[in-house]
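The values are calculated or read from the model by the stated rules, or taken from the named source; none is laboratory data. All values reported here derive from a predicted model rather than from experimental measurement. Heads up, the Cβs are rebuilt from the backbone with ideal geometry, glycines too, and the neighbour counts pull from every protein chain shown.
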Amino acid sequence: MAKQSSAKQQEQTLPRWLDELRPGGAGEGFMEKHLRHSLMFIKRPVRRLLVTFDNLSNVGDTSVEREPWAFKFAQDTNISHLGIMAHVSDWYRDPVLIERMQKLSDDGFFDGYDRVVFAGVSMGGFASIAFGSLVPGAHAVAINPQSTLDEGLVPWESRYENGRRQDWTLPLSDAAALTKGFARVNIFYDPYHDLDQAHVDRFSGDNIHIFNCRYSNHKTAVFLRKIDALKPVMQQAIFGELTEQEFYQLYRGRRDLPWFRGALAAYFEGKGQSDRAERVTTLFRKRRRLVQQEQAEDASAGQEWGEGADAPEAPTKNTESDATVAAPVVRPQGSRKNDRRTIVTTMKNEGPFMLEWVAYHRAIGFTDFLIYTNHCDDGTDKIGMRLQELGVAQHVDNQFKKGASPQRVALRRALREKIYDETDWIICSDCDEFLNVRAGDGTLDDLFDAVGGADAISLCWKIFGCGDKVA
């Protein structure tokens, strides 16, 4: 029994990266252990490379399970990952590390990827820009970054005494002076944090994109994670271009976060506006009750979109809804075109079937696919990511709270996507549903010709099986 317990404990403490880097493992890469920093690289199929730098909170972690910042995210999205782990709070002012990163750049390590993204928080945010400058055309995601800790450049910086004691005469010491070669630098910070604002003020250029994360203090990454915005932000940075509209739509999730209520109330209290601070608390609690009510309604909703046993059907009542519904945007008569045709779908473990489904609907004339996946263990999500990388579809990791309906959540989110505003026709369809056009040659063009100037088309649903024949 003692041996079994010991073996079980050892199995539980194995790091997640071991399966990919161990001899005989499925991955390809390397691990380098240096005195002040360690480098871990894992090569994966998607032609995107994420380079991350740890922040101060990880410096003291000596556990065997330690992994680079954003390791799980890179693993889930199947992208290559170079993680630099710091063992000391030196702001990566290490001649050995600087020389190693320069050599990787000179040797072409960063070449051959469709995009290389450097990312980090605070100390890691500084490093993401400083070392990202070694790769022309790179992208950066810098959260609460310092521009430098060189006291000659930022004499007003009073934090990070150990960092300020480092050798700031080494190369790559002023991130604000190193952004010219980037394709894009995304900076996330709280403009009400005076010292962080002073650092951000030092950055300039058309490739600098600033995202204001008000009331998140110097913990913006944690704030974004708590409102389920950090992963979408990183996905857009790696696979797309994050717009202000997309980000601030995500950032609206702060309204449900107690942390945000406390920070906003404290802001007003600090200005001597106690009445406004109290009103913030009252409105927050009211909104929380409304959100909890909506979640309860979602959990007990009927079997929409073929939810089956995952969402038990609740009895319905013939009562009018008192909810206020926003009026849809009405297009001017005659302004509709037939150029963009979109399918919105939710998938869970549809891997063996999704390529046939996508190919069929592309063949009959659909131009865009918005694919939401959740809790997949058969590679469906990875196929969706690869389709996005190829420009065939847009993939979204459909995260939702326990008890909510994945279909309802996805459909609400689809209304906020850019493609929803740009498409001419849109349909919701499952992966086992195929649109069978019985006009002309069976294409969407033939369907549109047959229905004339219709604004919506009603479709019949017919169930069929394999007829006891298995290929």
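Of everything in segment 427-439, what is surrounded by 13 or more Cβ atoms within 10 Å (Cβ to Cβ) and more than 39 Å from the chain's Cα centre (by Cα)? Give them in sequence order.
Our first condition is that a residue be surrounded by 13 or more Cβ atoms within 10 Å (Cβ to Cβ); within segment 427-439, this holds for 427-431, 433-435, 437, 439.
The answer is Ala439, and nothing else.
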Single residue of Arg438, Arg416 found to be in the same structural domain as Val358 (by TED's automatic domain parsing), more than 21 Å from Arg362 (Cα to Cα) and either part of a loop (DSSP other than H, G, I, E, B) or at pLDDT 80 or above (or both): Arg416
In segment 235-242, is there at least one residue being exposed (fewer than 15 other Cβ atoms within 10 Å of the Cβ) and within 13 Å of the chain's Cα centre (by Cα)? yes
How many residues, within segment 30-58, are within 18 Å of Tyr113 (Cβ to Cβ) and free of Cβ contacts under 8 Å to residues at least 24 places away in the same chain? 1
Would you check if there is a residue in segment 89-103 being in the same structural domain as Ala237 (by TED's automatic domain parsing), of a type outside the set (Gly, Ala, Ser), under 30 Å from Asp381 (Cα atoms) and in contact with a strand residue (DSSP E or B) (Cβ under 8 Å, 6 or more places away or on another chain)? no
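Being in the same structural domain as Asp114 (by TED's automatic domain parsing), of a type in the set (Lys, Arg) and under 20 Å from Pro95 (Cα atoms) narrows it down to one of Arg165, Arg159, so name that one.
After applying the criteria, what remains is Arg165.
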Considering each residue of segment 76-117, count those that are over 27 Å from the mean Cα position of the chain (by Cα) and among the aromatic types (Phe, Trp, Tyr), and give that number. 0
Within the group Asp106, Asp111, Asp19, which residue is at pLDDT below 90 and either closer than 25 Å to Tyr160 by Cβ or not β-branched (Val, Ile, Thr) (or both)? Asp19
Residue under question is Asn144, and the condition is that it be farther than 15 Å from His81 by Cβ, touching a His at 6+ places or on another chain (Cβ under 9 Å) and touching a residue at least 24 places away in the same chain (Cβ under 8 Å); does it hold? yes
Filtering segment 359-392 for residues that are modelled with pLDDT of 90 or more, within 19 Å of Thr77 (Cβ to Cβ) and in contact with a strand residue (DSSP E or B) (Cβ under 9 Å, 6 or more places away or on another chain) leaves a count of 17
Only listed residue being more than 22 Å from Phe53 (Cβ to Cβ) and modelled with pLDDT of 90 or more, chosen from Tyr248, Tyr215, Tyr267: Tyr248
Residue check, Ala265 in a helix (DSSP H, G or I), of a type in the set (A, V, I, L, M) and not assigned by TED's automatic domain parsing to the domain that holds Trp69: yes
Single residue of Asp430, Asp455, Asp421 found to be part of a helix (DSSP H, G or I) and either on the phi > 0 side of the Ramachandran plot or not hydrophobic (A, V, I, L, M, F, W, C) (or both): Asp421
Examine segment 43-53 for a residue that is modelled with pLDDT of 95 or more, among the hydroxyl-bearing types (Ser, Thr, Tyr) and touching a Leu at 6+ places or on another chain (Cβ under 7 Å), and state whether such a residue exists. no
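Out of Ile129, Ile84, which single residue is part of a strand (DSSP E or B) and either assigned by TED's automatic domain parsing to the domain that holds Leu149 or surrounded by 17 or more Cβ atoms within 10 Å (Cβ to Cβ) (or both)?
Within the list Ile129, Ile84, the selection yields Ile84.
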Name the one entry in Gly163, Gly181, Gly152, Gly137 that is farther than 27 Å from Gln235 by Cα and surrounded by fewer than 20 Cβ atoms within 10 Å (Cβ to Cβ). Gly152
By residue number, the members of segment 223-243 that are free of Cβ contacts under 8 Å to residues at least 60 places away in the same chain, out of contact with any Ser or Thr (no Cβ under 8 Å at 6 or more places or on another chain) and either farther than 23 Å from Ala138 by Cα or not assigned by TED's automatic domain parsing to the domain that holds Gly120 (or both) are Arg225, Lys226, Ile227
Given the criterion in the same structural domain as Leu153 (by TED's automatic domain parsing), more than 25 Å from Ala70 (Cα to Cα) and of a type outside the set (S, T, N, Q), identify the matching residue among Asp201, Asp196. Asp201
When both residues are 6+ apart or on different chains and their Cβ atoms are under 7 Å apart, which pairs have a first residue that lies in segment 185-214 and is under 17 Å from Gly120 (Cα atoms), and a second that is among the hydroxyl-bearing types (Ser, Thr, Tyr) and in a strand (DSSP E or B)? Asp196/Tyr189; Val200/Tyr189; Cys213/Tyr189
Please specify each residue of segment 197-213 satisfying the condition of being outside any strand (DSSP E or B) and surrounded by 17 or more Cβ atoms within 10 Å (Cβ to Cβ). His199, Val200, Phe203, Cys213
Which ones in segment 214-230 are buried (at least 18 other Cβ atoms within 10 Å of the Cβ), assigned to a helix (DSSP H, G or I) and either under 13 Å from the mean Cα position of the chain (by Cα) or not hydrophobic (A, V, I, L, M, F, W, C) (or both)? Thr220, Ala221, Leu224, Lys226, Leu230
Anything in segment 101-122 that is of a type in the set (Ser, Thr, Tyr) and either in contact with a His (Cβ under 8 Å, 6 or more places away or on another chain) or free of Cβ contacts under 8 Å to residues at least 24 places away in the same chain (or both)? List them, or say none. Ser122
